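The values are calculated or read from the model by the stated rules, or taken from the named source; none is laboratory data. Model, not experiment: these values are computed from the prediction. Quick reminder, even Gly has a Cβ in these numbers, built from the backbone with ideal geometry, and neighbours come from all protein chains shown.
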């Protein structure tokens, strides 16, 4: 059977609030408190981070720490690619969401001829570029990299040449050009966006299943519709940001937002999405225990992670039986 491999990515260079690098360890504490053997059951690999540069002066106001992020992302992409080439399922536990563009680059590097679909479960659209960002934090930019779209129509910043150099290197990570087509990207419960993001989402026609629609149709129906939209994709990557949860359940994340999923809905959604045999990678990001004295966020996230992992394993077992 294809084995799950845990990829631990502690980089938090792309976040605006410090502490997401501790998210994986908070998950391990939640695992111990629950009496689970989860982290003993799977092989894991730690991707090197450069979080020490957070103590140094940032020279890139419109893409903070982009030079170090580029170095980290090369390692992530290479690890994801190698994991897939070895026939394993990469389950990525990451600090901030900027790391996801490297995961996508690694998937495409492993399968350059295949069409990739992306399901982005998040409160935020993460589709800014250095030309549009209000904050300069790169966890708001991974999908601009993956889509290879700078949204220059909405430009508000003038990044320096050195920023543009590293931005182009990140866009070309894995393989040059776009990794994902806009029609193959689906948002779920994205609800906290800026005007520049709204403009590019409308221009590209990206579908967003907002909370009311998810609840009206039911999670099973939404999952069916998502996979109908992605019917021309050979493989699918699911990215789960814990701030997709309602702020009542997600205090331990850098940017909590109201009107999100509850924990049971998130578990059901991950299960329904991960049953599809085209899913080749799952990622969970943005757990920040420094904002959460009770570790509730990590406990909720660990419950979701366990359910998601069970769904992946059940599907891998079924695939093995069918292939015999």
* Could you identify the single residue in 321, 279 that is in contact with a strand residue (DSSP E or B) (Cβ under 6 Å, 6 or more places away or on another chain), surrounded by fewer than 22 Cβ atoms within 10 Å (Cβ to Cβ) and more than 20 Å from residue 39 (Cα to Cα)? => 279
* Could you tell me which residue of segment 94-114 is surrounded by the most Cβ atoms within 10 Å (Cβ to Cβ), considering only residues that are over 18 Å from residue 51 (Cα atoms) and either in contact with a strand residue (DSSP E or B) (Cβ under 7 Å, 6 or more places away or on another chain) or modelled with pLDDT under 95 (or both)? => 103
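Can you name every residue in segment 136-163 that is closer than 29 Å to residue 91 by Cα, surrounded by fewer than 24 Cβ atoms within 10 Å (Cβ to Cβ) and touching a residue at least 24 places away in the same chain (Cβ under 8 Å)? Outline the logic, then answer.
At the first step, the residues of segment 136-163 found to be closer than 29 Å to residue 91 by Cα are 136-150.
Now narrow it down to the ones that are surrounded by fewer than 24 Cβ atoms within 10 Å (Cβ to Cβ): 136-137, 148-150.
Result: 136, 137, 148, 149.
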* Residue that is more than 19 Å from the chain's Cα centre (by Cα) and either in a helix (DSSP H, G or I) or at pLDDT 95 or above (or both), where the choices are 271, 248, 231 -> 231
* Asked: Here are some residues: 264, 294. Which one is out of contact with any helix residue (DSSP H, G or I) (no Cβ under 7 Å at 6 or more places or on another chain), without any contact (Cβ under 8 Å) to a residue 12 or more places away in the chain, surrounded by fewer than 16 Cβ atoms within 10 Å (Cβ to Cβ) and not in a helix (DSSP H, G or I)?
  -> 294
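Being part of a loop (DSSP other than H, G, I, E, B), surrounded by fewer than 21 Cβ atoms within 10 Å (Cβ to Cβ) and either touching a residue at least 12 places away in the same chain (Cβ under 8 Å) or in contact with a helix residue (DSSP H, G or I) (Cβ under 8 Å, 6 or more places away or on another chain) (or both) is true for just one of 183, 175. Which residue is that?
175
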* Qualifying position, being touching a strand residue (DSSP E or B) at 6+ places or on another chain (Cβ under 9 Å) and either more than 21 Å from residue 233 (Cα to Cα) or surrounded by 20 or more Cβ atoms within 10 Å (Cβ to Cβ) (or both), among 314, 288, 300 -> 300
* Asked: What number of residues within segment 25-46 satisfy the criterion of being within 24 Å of residue 87 (Cα to Cα) and touching a residue at least 40 places away in the same chain (Cβ under 8 Å)?
  -> 4
